[in-house]
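Step one of this worksheet: look at the structure below.
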Amino acid sequence: MSNVVAIVGRPNVGKSTLFNRFTQTRHAIVSEEAGTTRDRQYGKCEWNGREFSVVDTGGWVEGSDDIFEEEIRKQVMIATEEADVILFLVDVQNGVTDLDDAVAAVLRRSEKPVILVANKMDGNEPYLAAEFYSLGLGDPHCTSAISGSGTGDLLDIVVQMLPKADGESIDQDVPRFAVVGRPNVGKSSLVNAFIGEDRNIVTDIAGTTRDSIYTRYDKFGFDFYLVDTAGIRRKGKVSEDIEFYSVMRAIRSIENSDVCILMIDATRGIESQDLNIFSVIQKNSKSLVVVVNKWDLVEGKTQQVMDTFADAIKERLSPFTDFPIVFASALTKQRIFRVLETAKQVFDNRRRRVSTSKLNEEMLPLIEAYPPPSIKGKYIKIKYCMQIPEVRVPSFVFYANLPQYIKEPYRRFLENKIRERWDFSGCPINVFIRQK
């Protein structure tokens, strides 16, 4: 299931604190100063067996209250358009404000489930939340994001309101490719090139959420689902903050895919927006193919220029650099079938299985030659390793006598050596150290 929950509200009501509570992280900066959250935060939350994405829709104050109010209005409208469930936070200590009324007016007109959350109920009497009934959004749910009081009950309600799976079943053995990227990078052109008018019969299957569509593509020897969302099929209905809007729409495509085709504009290079979408791909442990589109517009298209461009991309996306890059043009159809071939290869890499005997034969002599550094006079010995079967992300476990002393640099060393010996290009790899 792929669902998005957006946290909205005026400044300093505790949105970032609640985000950190849900995602069990401290990624969102928390401060008593209004407008602290300038960059949008995206995280994962799991509750009662359901996993969903959480978006912290922060804003900032710049110049005047009018500018800030306009920024908040845009973000609320984007969240209303794209999220499955909206959490509207208000501050019990301050009561109803004019900005609360303005946000509530937008949410009342939406068709999305809205949960009114009366936050900062830190030792205060519950009757203080009664005034929020005036917002016309139902019962306020009292919480304290900072202490966690009431957040478990709130998550129970969120999970109940998330949409259930519908539509036909998806063949799990068929690759699912998602074309993602910032606006005007050529996603629609590439999709149209894939499933143009000369296509065979294409079946659209409703996915697990309201917006996700699986388009079955089976010609020229290929057979895959194209994970499509409203971001590809129709323009937005709101005047949006471009960066926030594109990432919101990319989340659902990414979560429903096996391989993400991240498109970059060759005429503009890799930008912060591309990095945000790449971050979502990483957080969801999805495989990656980078497509540099509009290559026909680049002057001096030599191999050296390609290599320089590719090195610049990998430097920006480091430390994960083991992914293929295809230079293409959706307009002229230059190398678009190589995009499909590469995506299919990355999907096959994701399902690659290395036998336990072969893995130990290759890795144990290497580990013996380059063992983990000793700590406090204790020598760490790795005697056995294996690939974990039946998992969606290639995962390897190494059994050691003192696993707690093996640090992250040595894990990366093991991962790099696995990648040198077997083709896992484009795929994330998990390396676990366990007690033997």
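The values are calculated or read from the model by the stated rules, or taken from the named source; none is laboratory data. All figures in this text were calculated on a predicted structure; none of them were measured in a lab. Reconstructed Cβ throughout: ideal geometry from the backbone, glycine too, with neighbour counts over all protein chains shown. Side chains are part of the model used for accessible areas, which takes the heavy atoms of the whole protein and leaves out ligands, DNA and RNA. Shrake-Rupley method; radii C 1.70, N 1.55, O 1.52, S 1.80 Å.
Some points to look at:
- Some residue of region 275-284 being out of contact with any strand residue (DSSP E or B) (no Cβ under 9 Å at 6 or more places or on another chain), surrounded by fewer than 20 Cβ atoms within 10 Å (Cβ to Cβ) and closer than 16 Å to Leu190 by Cα: no
- Being within 12 Å of Val180 (Cα to Cα) and of a type in the set (A, V, I, L, M, F, W, C) holds for only one residue in Leu340, Leu288, and it is Leu288.
- Of the residues contained in region 350-361, none is found to be at pLDDT 90 or above, within 24 Å of Arg268 (Cα to Cα) and under 22 Å from the mean Cα position of the chain (by Cα).
- Residue check for Lys333: touching a Pro at 6+ places or on another chain (Cβ under 9 Å), more than 16 Å from Leu414 (Cβ to Cβ) and in contact (Cβ under 8 Å) with a residue 40 or more places away in the chain: no
- Which listed residue is modelled with pLDDT under 80, polar (S, T, N, Q) and farther than 30 Å from Tyr217 by Cβ, from Asn124, Asn184: Asn124
- Positions within region 309-333 being within 20 Å of Gln282 (Cα to Cα), part of a loop (DSSP other than H, G, I, E, B) and either open to solvent by less than 10 Å² (accessible area, probe 1.4 Å) or among the hydrophobic types (A, V, I, L, M, F, W, C) (or both), in sequence order: Phe320, Phe323
- Number of the condition not met by Gly426 [criteria: (1) on the phi < 0 side of the Ramachandran plot; (2) in contact with a Ser or Thr (Cβ under 6 Å, 6 or more places away or on another chain); (3) not aliphatic (A, V, I, L, M)]: (1)
- Screening Lys283 against (1) touching a residue at least 60 places away in the same chain (Cβ under 8 Å); (2) out of contact with any helix residue (DSSP H, G or I) (no Cβ under 6 Å at 6 or more places or on another chain); (3) more than 23 Å from Val227 (Cβ to Cβ) leaves a single unmet condition, (3).
- Residue check for Ile406: at pLDDT below 90, in contact with a Leu (Cβ under 6 Å, 6 or more places away or on another chain) and surrounded by 19 or more Cβ atoms within 10 Å (Cβ to Cβ): no
- Complete set of residues in region 412-428 that are in a loop (DSSP other than H, G, I, E, B) and surrounded by fewer than 19 Cβ atoms within 10 Å (Cβ to Cβ): Trp422, Asp423, Ser425
- Region 385-397 residues that are closer than 19 Å to Leu288 by Cβ, paired with ones that are part of a strand (DSSP E or B) (beta carbon under 6 Å, 6 or more apart): Val393/Asn430; Ser395/Asn430
- Cβ pairs under 7 Å, 6+ apart, first in region 78-93 and under 11 Å from Glu111 (Cα atoms), second assigned to a helix (DSSP H, G or I) and aromatic (Phe, Trp, Tyr): none
- Members of region 74-96 found to be open to solvent by less than 50 Å² (accessible area, probe 1.4 Å), at pLDDT 75 or above, under 18 Å from Leu18 (Cβ atoms) and not aliphatic (A, V, I, L, M), listed by number: Asp84, Phe88, Asp91
- Residue check, Leu128 open to solvent by 10 Å² or more (accessible area, probe 1.4 Å), without any contact (Cβ under 8 Å) to a residue 40 or more places away in the chain and within 23 Å of Leu155 (Cβ to Cβ): yes
- Top-ranked residue in region 137-148 [being open to solvent by less than 50 Å² (accessible area, probe 1.4 Å) and assigned to a loop (DSSP other than H, G, I, E, B); ranked as nearest to Val106 (Cα to Cα)]: Leu137
- Ser272 fulfils the conditions (1) modelled with pLDDT under 55; (2) among the polar types (S, T, N, Q); (3) open to solvent by 30 Å² or more (accessible area, probe 1.4 Å) except for a single criterion, (1).
- Pairs with Cβ under 7 Å, 6+ apart, first in region 353-373 and without any contact (Cβ under 8 Å) to a residue 60 or more places away in the chain, second assigned to a helix (DSSP H, G or I) and open to solvent by 70 Å² or more (accessible area, probe 1.4 Å): Glu362/Arg421
- In region 334-393, the residues that are open to solvent by less than 90 Å² (accessible area, probe 1.4 Å) and in a strand (DSSP E or B): Gln334, Ile375, Ile382, Cys385, Met386, Gln387
- Residue list for region 286-314, restricted to those being under 26 Å from Val227 (Cβ atoms) and among the aliphatic types (A, V, I, L, M): Leu288, Val289, Val290, Val291, Val292, Ala310, Ile313
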